[in-house]
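Enquirer: My questions will all concern the structure given below.
The values are calculated or read from the model by the stated rules, or taken from the named source; none is laboratory data. Quick caveat, the model's predicted, so the values are computed rather than measured. Reconstructed Cβ throughout: ideal geometry from the backbone, glycine too, with neighbour counts over all protein chains shown.
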Amino acid sequence: MTFTHLDTTTMAFSESPANPGAKYQVLWQDPTTGSTVQMSYGPAGFPPKVAEILSHGPHRHYHNSVNERHYVLGGDYPVWHWSNERDEGKLSVLRRHTYLENPPKTLHGIRPEITPEIATQMLVWNNGSGTNIFDKDAAKETIEVPFDGRSMPDIEWAAPHLISTKDLAWWPHPSIDGWRIKDIAPSAQDSPPVALVSVSPNSGSGTCELQGADRRWLFVLSGDLSLIVKTSDGPSQLSLQEGHFLAWSDEASIVYPARSISSGGCLCLCIGHDLASHT
């Protein structure tokens, strides 16, 4: 695979046999590590299997080694975080343009008394498998922590990275005049940094060639973006719109056409780059 270009607005959703009602699209996957980028969809309320689990009380867990990241496109998903196994916990509601990162050993979960009132859709990506309790690798990666008062002194608990990106200030792009950027999250383990990049209408890019690399990708949150993907098979002209996903390997690179790269402006979620250089 030299590059992957997908329009998620026209893709079919798959339903997990282990968790009916929850749907997903696999946008990218590393078969060696199990790392994925997925579009996740959940209905109002919780799916029946999750509701069944919660009928016995709250559920919380941590991930043993995998860094789990989310960007919310819509909804009102309630999530709880605990600073330790005896903490009372703190509720956060994930709404549009919320970013959540759960590093390994972050204690988080859900409670039965607060459920999503509307459907939730989000991008979810990670650097390994087993972060979903219904995944085949969950038994070794996702560890449930019951509410029985027991102490776990051997674990150094981590804190989530949770922000509403709407509250962050825009800054001038470091290399392209007229563009703006928000730094969302730094790199962690082998997970590249996260940024939002705003491309102004009818702007140019100067001379820019962006090489591909592992786990580098972009998702168009709004607007339009024109670019060319160069591979050994030749150039491919792409016109990206809202909901489009693009990942490209180190055998490919992105260049921008001489004309305007965005007629109406574009807002991109960028992983491992700022549309002009690797970060």
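Enquirer: Can you tell me which residues in segment 119-143 are touching a residue at least 60 places away in the same chain (Cβ under 8 Å) and surrounded by fewer than 13 Cβ atoms within 10 Å (Cβ to Cβ)?
Expert: Within segment 119-143, just 140 meets the criteria.
Enquirer: Determine if segment 81-90 includes at least one residue that is more than 20 Å from residue 25 (Cα to Cα), modelled with pLDDT of 95 or more, among the basic types (Lys, Arg) and more than 19 Å from the chain's Cα centre (by Cα).
Expert: yes
Enquirer: Further question on the same structure: When segment 88-110 is examined, which residues are found to be out of contact with any Phe, Trp or Tyr (no Cβ under 9 Å at 6 or more places or on another chain) and free of Cβ contacts under 8 Å to residues at least 40 places away in the same chain?
Expert: Residue satisfying the conditions is 96 alone.
Enquirer: Here is a further query. Please enumerate the residues belonging to segment 237-279 that are among the small types (Gly, Ala, Ser), more than 16 Å from residue 212 (Cβ to Cβ) and not in a strand (DSSP E or B).
Expert: Initially, segment 237-279 is screened for residues among the small types (Gly, Ala, Ser), giving 239, 243, 247, 249, 252-253, 258, 260, 262-265, 272, 276-277.
Filter once more, so that each one left must be more than 16 Å from residue 212 (Cβ to Cβ): 239, 243, 258, 260, 262-265.
Selection gives 243, 258, 260, 262, 263, 264, 265.
Enquirer: How many of the residues making up segment 135-162 are in contact with a Pro (Cβ under 9 Å, 6 or more places away or on another chain) and among the aromatic types (Phe, Trp, Tyr)?
Expert: 1
Enquirer: I need a count of the residues in segment 103-141 that are more than 17 Å from residue 28 (Cβ to Cβ), within 18 Å of the chain's Cα centre (by Cα) and of a type in the set (S, T, N, Q).
Expert: 3
Enquirer: Would you point out which residue out of 113, 85 is crowded, with 16+ Cβ neighbours inside 10 Å, assigned by TED's automatic domain parsing to the domain that holds residue 25 and either outside any helix (DSSP H, G or I) or in contact (Cβ under 8 Å) with a residue 24 or more places away in the chain (or both)?
Expert: Selected residue: 85, the only one of 113, 85 that is crowded, with 16+ Cβ neighbours inside 10 Å, assigned by TED's automatic domain parsing to the domain that holds residue 25 and either outside any helix (DSSP H, G or I) or in contact (Cβ under 8 Å) with a residue 24 or more places away in the chain (or both).
Enquirer: Assess whether residue 5 counts as being outside the structural domain of residue 86 (by TED's automatic domain parsing) and either farther than 13 Å from residue 134 by Cβ or surrounded by fewer than 19 Cβ atoms within 10 Å (Cβ to Cβ) (or both). Give the derivation first.
Expert: Values: outside the structural domain of residue 86 (by TED's automatic domain parsing): yes; either farther than 13 Å from residue 134 by Cβ or surrounded by fewer than 19 Cβ atoms within 10 Å (Cβ to Cβ) (or both): yes.
Yes, satisfied.
Enquirer: Moving to a separate point now. Just checking, how many residues over segment 11-50 are loosely packed, with under 14 Cβ neighbours inside 10 Å and either part of a loop (DSSP other than H, G, I, E, B) or touching a His at 6+ places or on another chain (Cβ under 9 Å) (or both)?
Expert: 8
Enquirer: Do we have residue 96 as closer than 17 Å to residue 122 by Cα, basic (Lys, Arg), within 16 Å of the chain's Cα centre (by Cα) and part of a strand (DSSP E or B) here?
Expert: Considered against the rule, which asks whether it is closer than 17 Å to residue 122 by Cα, basic (Lys, Arg), within 16 Å of the chain's Cα centre (by Cα) and part of a strand (DSSP E or B), residue 96 comes out as no.
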